[in-house]
Amino acid sequence: MSNGIPPRYVPTGKILTGGTGEVLICQDTSLERDVAIKFIQNVENQRRLFDEIAALQKIRSKHVVQIFDVFLNEVDRRIGIVQEYISGGDLVSFAERGSISLNEYLKVIYQIASGISDIHAQGLIHRDVKPNNIKFDVISHSNKGGLMRKPPEPQDYSGKSAGGEHPDEAMSSKRWSTAFLP
């Protein structure tokens, strides 16, 4: 281990900090993808981290950050949660762009509501829903991966969109993800 982090995770140099922890962005050399490794700064808050690990293990959602690994940092004895890295901006930066179309607004609201719904469906409550914890994934995904659903189009009374498909069957190249970030 180098710096207490398993050698498969190579730091990119990007570190994000929040009220209770820090997130180290790393390259996972085994799976060739960027990951976010979250650490709690204060050992007294470790119980919160264990709660978060348990919650993330229950959730399988296209709209919620996924957990990949957990490890003990051998240098400072902190637990690290290795999770999906969402490279795009957050809801704050999206809102700062200025005016958006009704269609864009509906897409965003649909994705946020879907993530919160998926969390609640597991009997969980996201205790820290706020604009900077809602990240926008700008990586394109094919239908094969099925990482995202389009927001609903105008509906007729049958529940089908004007295009003939149910909104949950349509795919998009971008997604909103409610993220468990510090």
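The values are calculated or read from the model by the stated rules, or taken from the named source; none is laboratory data. These numbers were taken from a predicted model, which means no experiment stands behind them. Please note: Cβ atoms are built from the backbone with ideal geometry, for glycine as well, and neighbour counts cover all protein chains shown.
Name the single residue that is modelled with the highest pLDDT among those in region 8-24 being outside any loop (DSSP other than H, G, I, E, B) and within 13 Å of I81 (Cβ to Cβ).
So in region 8-24, the residues outside any loop (DSSP other than H, G, I, E, B) come out as 9-17, 21-24.
The next check asks that each one be within 13 Å of I81 (Cβ to Cβ); those that pass are 9, 21-24.
Values: Y9: 96, G21: 80, E22: 88, V23: 91, L24: 93.
Step by step, filter region 8-24, then rank; the result is Y9.
Determine if region 46-60 includes at least one residue that is surrounded by fewer than 15 Cβ atoms within 10 Å (Cβ to Cβ), among the hydrophobic types (A, V, I, L, M, F, W, C) and more than 26 Å from Q122 (Cβ to Cβ).
no
Residue under question is V75, and the condition is that it be under 26 Å from C26 (Cβ atoms), at pLDDT 85 or above and surrounded by fewer than 13 Cβ atoms within 10 Å (Cβ to Cβ); does it hold? Quick ask: steps written out before the conclusion?
On the way: under 26 Å from C26 (Cβ atoms): yes; at pLDDT 85 or above: yes; surrounded by fewer than 13 Cβ atoms within 10 Å (Cβ to Cβ): yes.
Yes; evaluated as a whole, the condition is true for this residue.
I'd like to know if region 11-20 contains one or more residues that are farther than 22 Å from D90 by Cβ and either over 15 Å from the mean Cα position of the chain (by Cα) or among the aromatic types (F, W, Y) (or both). So that I can check it myself, show each step before the final result.
First, pick out the residues of region 11-20 that are farther than 22 Å from D90 by Cβ: none.
No, every residue in region 11-20 fails to be farther than 22 Å from D90 by Cβ and either over 15 Å from the mean Cα position of the chain (by Cα) or among the aromatic types (F, W, Y) (or both).
Do we find a residue being modelled with pLDDT of 85 or more, farther than 20 Å from T20 by Cα and either in contact with a His (Cβ under 7 Å, 6 or more places away or on another chain) or in a helix (DSSP H, G or I) (or both) anywhere in region 120-137?
yes
Condition first: under 26 Å from I15 (Cβ atoms) and in contact (Cβ under 8 Å) with a residue 12 or more places away in the chain. Now tell me which residues in region 94-113 satisfy that. Can you show your working first?
As a first pass, look at region 94-113 and keep what is under 26 Å from I15 (Cβ atoms): 94-97.
Hits for region 94-113 are F94, A95.
Please work out which one of (1) at pLDDT 90 or above; (2) under 13 Å from the mean Cα position of the chain (by Cα) is the condition L106 fails and give its number.
(2)
Identify the residue in region 78-88 that is surrounded by 15 or more Cβ atoms within 10 Å (Cβ to Cβ) and of a type in the set (G, A, S) and, among all such residues, is nearest to K14 (Cα to Cα).
So the residue we want is G88.
Could you tell me which residue of region 98-132 is surrounded by the fewest Cβ atoms within 10 Å (Cβ to Cβ), considering only residues that are of a type in the set (A, V, I, L, M, F, W, C) and within 20 Å of L49 (Cα to Cα)? Step through it out loud before you land on a result.
Filtering region 98-132 down to residues of a type in the set (A, V, I, L, M, F, W, C) leaves 100, 102, 106, 108-109, 112-113, 116, 119, 121, 124-125, 129.
If we keep only those that are within 20 Å of L49 (Cα to Cα) too, we end up with 116, 119, 124-125, 129.
On the way: I116: 18, I119: 21, L124: 16, I125: 10, V129: 13.
The extreme case among them is I125.
Given the options A95, A36, name the one that is within 15 Å of F136 (Cα to Cα) and modelled with pLDDT of 90 or more. Give the derivation first.
Numbers: A95 fails: modelled with pLDDT of 90 or more.
Criteria check complete, one pass: A36.
Mind checking which residues of region 63-79 are part of a loop (DSSP other than H, G, I, E, B) and either under 19 Å from the mean Cα position of the chain (by Cα) or under 24 Å from I116 (Cβ atoms) (or both)? If you could, list the steps in order and put the result at the bottom.
First pass over region 63-79, keeping only residues part of a loop (DSSP other than H, G, I, E, B): 63, 65-66, 73-78.
H63, V65, Q66 - these are the residues of region 63-79 that are part of a loop (DSSP other than H, G, I, E, B) and either under 19 Å from the mean Cα position of the chain (by Cα) or under 24 Å from I116 (Cβ atoms) (or both).
Taking region 35-53 as the region of interest, how many residues are outside any loop (DSSP other than H, G, I, E, B), closer than 25 Å to P7 by Cα and not basic (K, R)?
Restricting attention to region 35-53, the residues satisfying the condition of being outside any loop (DSSP other than H, G, I, E, B) are 35-40, 43-53.
Restricting the remaining residues to those that are closer than 25 Å to P7 by Cα gives 35-40, 43, 46, 49-50, 52-53.
Filter once more, so that each one left must be not basic (K, R): 35-37, 39-40, 43, 46, 49-50, 52-53.
Summing the residues that are outside any loop (DSSP other than H, G, I, E, B), closer than 25 Å to P7 by Cα and not basic (K, R) in region 35-53 gives 11.
Quick check: is even one residue across region 18-34 closer than 28 Å to H120 by Cβ and touching an Asp or Glu at 6+ places or on another chain (Cβ under 7 Å)?
no
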